Amino acid sequence: MSPAVEATALSKSHGSVRVLDSLDLRVAEGTVFALLGPNGAGKTTTVRILATLTRPGSGHARVAGHDIVTERSRVRRAISLTGQYAAVDETQTGAENLRTAARLSGLPRRAAARRAAELLERFRLAEAGDRLVRTYSGGMRRRLDLAAGLVRDPGTTRVMFLDEPTTGLDPRSRQELWDAVRELSAAGTTVFLTTQYLEEADRLADDITVLGAGRTLATGTPAALKSRYAEHRLDLVARDREAHLRLTSAASAVTTGSVTATPDALSLGVPTDGSAAHVRALLDVLDPERRDVDRFTLHTATLDDVFLALTDTTALPVNDKEPSRV
Amino acid sequence: MSDALSSATVLAGRGIRISRRNLDAVITSMMLPIMLMLVFVYFFGGAIDTGTRYVTYVVPGVLVLCAGFGAASTAVSVSEDMRLGVVDRFRTLDVGGTPFLAGHVAATVTRNALSTALVLGAAFAIGFRPAGTAAGWLAAIGLLLAWITAVSWLSAALGLVTRTAEAAGAVTFFMMFLPYPSSAFVPIETMPSWLHGFAEHQPVTPLIESMRGLLLDRPAGDAPWIALAWCAGLLTVALAASGCLFRFRTR
């Protein structure tokens, strides 16, 4: 099957600033893809180009099988976009917003009203449907915005673009939005989302591309990225300064990875594979007499580590990070 | 084409719905011309000699002034849609720039038709007694609608270049100002001579002269044609400019 999104060497400059620099992307049909990156990495520009709102400076892309420049109308009929700010009218009701969008998508009046009602139901807005959007919570607005992107006949939206869909939402609204995204994905829609929240990408995405300054920094499944760019770590707190010294030298002797030591906090991080056997063995080797280690925690690799490792502009080697305070 | 037309209709409906709910703004935009009319008729009118009753002289000018106020709001609503990203939603639904602006303009023209009716009602109440024929009335209303459409579209184009609602409000100032240096409120002969050239040849003067002629059943000469030519010219410029600006803003 042809990929839902395929981009080759996309570039875009605003004046002399290079926003995207030869970006390649490939998103398989029916998957959830996350474009992860700090502010200014080029996420929104990428989405706007793929959703035909902005023209690429150079490069090519096909979305749902259609070229984003030469077949713009076809692409538009196969996608939906939910932008960073809910693009709904505050002084229309939820139902009116959806009916407007449905009519603009080409549905006649009655079909548009039916579609609006279905969508309100599906996004749990049926009760609020006749209230002005001005009275909605942030989460309700986002859900309405999602719904407005789906006014075309069910099934015709093949790729759904979500640009930072949960920025500024409270935890409950975020959870609700995640549920909505999972439902869409389960129904077969390809979801292309951007986020700066690693947890979001970790929970939702099948594949992730980490973007920094308009370039791809890494790409892979969440698990693959974690194992490649971050590692599990045993964080120890020594009983006193001498114990800390002894532990540090013992750790340097047994491990091939690098050890992070923070003498002032009496703490120390040692790489491990995270298994019980390895952790137990490591503790025995480092502290055979069981007097130097006061406490320990196991730090599991997270996408945060991947993200920090990849987007750190000072480009420290992966293992030289501060031990994270879990 | 029919797609574009139905999109424009849907968007006009949206615009009207939204303005119905911003009633305070709508009422303000309707009250202002009426207040100005009262100010001119009762405060200044006594001192202005126009050869007729002043209320008869001033009403066409107030109608044009009212059109300017209405048109200015188009820039604000267009600029808000651009700023808030609502336009992106429309574009992903494959709505083009022209239907988008046409929707805004149509909503403005509808609103304006209503405020014009209110101003006329108020004018009758304070003694405006036009003598125009039915054909004269129709022609006058047609001219006024053409003018409203042209300046609204110009205003919509300005809405595309301004980044904030405040700026959009500010740049449309000239539309509201244009009736003052014209024959709307005082005969041009009473202005300093260096203003005559501008006042006689700016679009509002032939528009007002022809409305006076048509509503009062007096000879209007070629003023209606000149006014119509102005409307057509302004509309053409506005269409071309807004097309370019929309493409530029949505690159």
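Longest stretch of chain A clear of exposed loop sites (GluC sites (Glu not before Pro), DSSP loop, at most 14 other Cβ atoms within 10 Å, sites excluded): A:128-288.
The value for segment A:5-220 of Rg(Cα) / (2.2 N^0.38 Å) is 0.99. With Cα atoms defining each centre, segment A:66-115 and segment A:153-218 are spaced 19 Å apart in the structure. Interface residues of segment A:54-100, defined as a loss of at least 30 Å² in heavy-atom accessible area between the chain alone and the complex of all protein chains with a 1.4 Å probe, are A:R76, A:L81, A:A87, A:D89, A:T91, A:Q92, A:E96, A:T100. Ligands, DNA and RNA aside, A:R152 has an accessible area near 20 Å² when probed at 1.4 Å. Straightening the chain between A:R72 and A:E289 buys 71.1 nm, computed as 0.36 nm per residue apart minus the Cα-Cα spacing. Our summary gives segment A:228-320 a relative contact order of 43 percent, counting only alpha carbon pairs under 8 angstrom and 6 or more residues apart. Placing unit charges on the Cβ atoms only, positive for Lys and Arg and negative for Asp and Glu, gives chain A a dipole magnitude near 1560 debye about its Cα centre.
Note on segment B:143-250: percent of Cα-Cα distances in each 5 Å bin, starting at 0 and stopping at the bin with the largest distance, equals 2, 12, 18, 21, 18, 13, 9, 5, 2, 0. Angle, helix A:171-186 long axis vs. longest principal axis of chain A, Cα atoms, 0 to 90°, nearest 10? For A:171-186 against chain A, the angle is about 70 degrees. Bridge orientation summary for the protein assembly as shown: considering DSSP beta bridges with both residues in this region, about 65 percent are antiparallel. Compared with the dominant principal axis of the Cα atoms in chain A, helix A:94-104 is inclined by about 70°. Within the accessible area of segment A:5-220, the carbon and sulfur atoms contribute 46%, probe 1.4 Å, all protein chains present.
Would you look at the GNM of chain A, springs on alpha carbons closer than 10 Å, and say which of A:T209, A:T31, A:T256 moves the most? Most flexible of the set in this elastic network: A:T256. Kirkwood's formula applied to the C-alpha pairs of segment A:228-320 gives a hydrodynamic radius of 13.6 angstrom. Here each label is just a point 7 Å from Cα along the line to Cβ, and for B:S193 and A:T297 those points are 9.0 nm apart.
Accessible surface for segment A:203-291, divided over its residues, is 51 Å² per residue with a 1.4 Å probe. If R0 is taken as 25 Å, the Cβ-Cβ distance between A:Q84 and B:R249 corresponds to a FRET efficiency of 0.90. Taking the DSSP bridge list for chain A and keeping only pairs wholly inside it, about 65 percent are antiparallel.
With all protein chains kept in place, the per residue accessible area of segment B:2-249 amounts to 43 square angstrom at a probe of 1.4 angstrom. Legend: helices of chain B (whole DSSP H runs) are marked when their alpha-carbon atoms reach 20 angstrom or more along the helix axis and their mean Kyte-Doolittle hydropathy is at least -0.5; marked are B:2-21, B:23-38, B:54-83, B:97-125, B:134-161, B:223-249. Using the Cβ-Cβ distance between A:H14 and B:D217 with R0 = 51 Å, the FRET efficiency computed as 1/(1 + (r/R0)^6) comes to roughly 0.30. Here the calculated FRET efficiency for B:L138 and B:T110, from their Cβ-Cβ distance with R0 = 25 Å, stands at 0.85, rounded to the nearest 0.05. Within the assembled protein chains, the solvent-accessible surface assigned to A:F296 is about 110 Å², based on a 1.4 Å probe. Taking Cα atoms only, the orientation of helix A:276-286 departs from the longest principal axis of chain A by about 40 degrees. For A:V32, the residues 5 or more places off, or on other chains, whose built amide H falls under 5 Å of its own are A:V191, A:D206, A:D207. Using only side-chain charges placed at the Cβ, +1 for Lys and Arg and -1 for Asp and Glu, the dipole size of segment A:228-320 relative to its Cα centre rounds to 200 debye. With contacts taken as Cα pairs under 8 Å and at least 6 residues apart, chain B reaches a relative contact order of 26 percent. Using a probe of 1.4 Å on the protein chains alone, the accessible area found for A:S13 is around 50 Å².
Out of all Cα-Cα pairs in segment B:58-132, roughly what percent, to the nearest whole number, are more than 20 Å apart? In whole percent, the share of Cα-Cα pairs in segment B:58-132 beyond 20 Å is 45.
With both labels modelled 7 Å from their Cα along Cα-to-Cβ, the B:R20 to B:R83 distance reads 2.6 nm. Computed on chain B, the Cα convex hull volume stands at 133 Å³ per residue. The tail of the calculated P(r) for the protein assembly as shown beyond 37 Å holds 50 percent of all Cα-Cα pairs.
The values are calculated or read from the model by the stated rules, or taken from the named source; none is laboratory data. These figures come from a predicted structure and were not determined experimentally. Cβ atoms come from the backbone with ideal geometry, glycine included; neighbour counts cover every protein chain shown. Only protein heavy atoms, including side chains, enter the accessible area calculation; ligands, DNA and RNA are left aside. Shrake-Rupley method; radii C 1.70, N 1.55, O 1.52, S 1.80 Å.
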